[in-house]
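Here the structure is laid out as C-alpha cells; the discussion comes afterwards.
Every number in this text was worked out from the coordinates using simple rules, so none of it is lab data. The model shown is predicted, which means the values in this text are computed figures rather than measured ones. Virtual Cβ from ideal backbone geometry, glycine too; neighbours counted across all protein chains shown.
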Amino acid sequence: MPQASIGVIGGSGLYAMEGLTEIDTVELSTPFGAPSAPYVLGTLSGKRVAFLPRHGVGHVFMPGEIPFRANIYGFKELGCEWIVSVSAVGSLKEEIHPGEIVVPDQFIDLTRGRAGTFFGDGVVAHVSMADPVCPVLSGILEKAAIRAGATVHAGGTYVCMEGPQFSTRAESFRYRDWGASVIGMTNMPEAKLAREAEMSYATLALATDYDCWHEEEEAVSVENVIAILQSNVALSQKIILEAVPEIEGPSPFAGILKTAIITNPAHISGEAKKRLHALIGKYVL
C-alpha cells in the first residue's frame, strides 16, 4: 500500500489538493467502515502527502454523518503521523475578521451522538486531551500562514457544535461569554481520534463569517460562507505548500497508547486485536 507521513483533511470548499505529483488514489475499507472518499496520495515539496475531503466527493456528508473513525484509521494505515485539518469556521471575536486564519489550541466539544473513540467492545484506553492539538504542528502552520501573507491568530478555543443548523443568536452570545474564538462543526471527534491514533493534529481554521452575534453584520448563511471560502481555499493551499517542508520526523505523540491502554492484554479478544491492529498491534500481541 502507498504510504505518506502527512495527512491533510479538506473541509468545506477544499475538495482537492493542488500541486501534488506522482499521484496514487487509494480506496480503503477499515474496521470502522469506508472513509469519506478515496485518499489521494502525492508528492508535495518532496514529501508524500495524503489528502481526504472530509465531506466526501461533492460534499455529501453532513457534519454528523462524517465517518470520522474510518477517516483517521485510514490515515493511520497509510502511515500518516501528522494531520493538518482545514476547517471553515465562524468568528466569535470582533478582532477575527472573515478571511483571516485561526490556529486554535483548545476545543469545546458540544457534539452529540458521534462515535468519538476507537475503543470499547472489550478494549479500554484513556488518552490525555488537556492540550488537544500538537504545538509543534500548530507552530509550523502559524509561521507558514504568515509567510503566505495571511492574517493569523495563534491560539484560541474552537467550539464544535453538532449542526447542521447554524447557531441561534442566544447560543452565539453564550459561546462569546465563554471566551471562545471560533465555532465550527467538524473538528470533534476528529482531534480526539487523531490523539488515540498517536498522530500530531492541528487545525487551520478559516474564518468565513461572524456567526450571528455581530449586530452590524448579516447572520451567517451558506451564500456568504461560500463567497469567503473561494478566497480562503486558495490561501489554505498556499499555507500547506509552505508548511509541508517543515513537517518531519515522528509524531511527538508516538507511543502514548503504551500507557493509555488499561485493559489487561490477556482479556483482549483476537477479534479486538484484529480490529485495532493499526493502533495497538505493537503493544498488544
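How big is the dipole moment of the chain about its Cα centre under a simple scheme where the beta carbon of each Lys and Arg is +1, that of each Asp and Glu is -1, and everything else is neutral? Debye, nearest 20, please.
Values: 21 positive and 32 negative charges, 228 e Å.
Once rounded to the nearest 20, the dipole reads 1100 debye.
Placing dummy labels 7 Å off each Cα toward the beta-carbon, the span from Lys258 to Tyr283 is 1.0 nm. Direction-averaged projected area, Cα convex hull, the chain: 14.1 nm², rounded to one decimal.
Under a model in which nothing but the beta-carbon of Lys, Arg (+1) and Asp, Glu (-1) is charged, segment 75-192 shows a dipole of about 140 debye around its Cα centre. Ranking of Glu242, Glu94 by neighbouring Cβ atoms within 10 Å, starting from the fewest: Glu94, Glu242. Once you have a ≥ b ≥ c as the square roots of the Cα gyration tensor eigenvalues for segment 1-97, tell me rounded if a/c is under 1.5, and otherwise prolate or oblate according to whether a/b is larger than b/c. It comes out oblate by the Cα gyration axes. Estimated from helices alone, the mean residue ellipticity of the chain at 222 nm is -7500 deg cm²/dmol (sum of -39500 (n - 2.57) over DSSP H runs with n ≥ 4, per residue).
Per-residue Cβ neighbour counts within 10 Å put Cys212, Cys160 in the sequence Cys212, Cys160, beginning with the fewest. Between Phe61 and Asp177, the distance separating the two model label sites (each 7 Å from Cα on the Cα→Cβ line) works out to 3.4 nm.
The distance separating the Cα centre of segment 188-205 from that of segment 1-59 comes to 16 Å. Across Gly42, Gly255, Gly113, mean-square fluctuation computed from a Gaussian network of the chain (C-alpha pairs under 10 Å connected) peaks at Gly113.
Can you pull the Kirkwood radius for segment 129-285, inverse mean 1/r over Cα pairs, to one decimal in Å? Show your work: numbers first, answer last.
Numbers: mean 1/r = 0.0546 Å⁻¹.
The answer is 18.3 Å.
Of Ser87, Ser45, Ser128, the residue with the greatest mean-square motion in the GNM of the chain, using alpha carbon springs below 10 Å, is Ser128.
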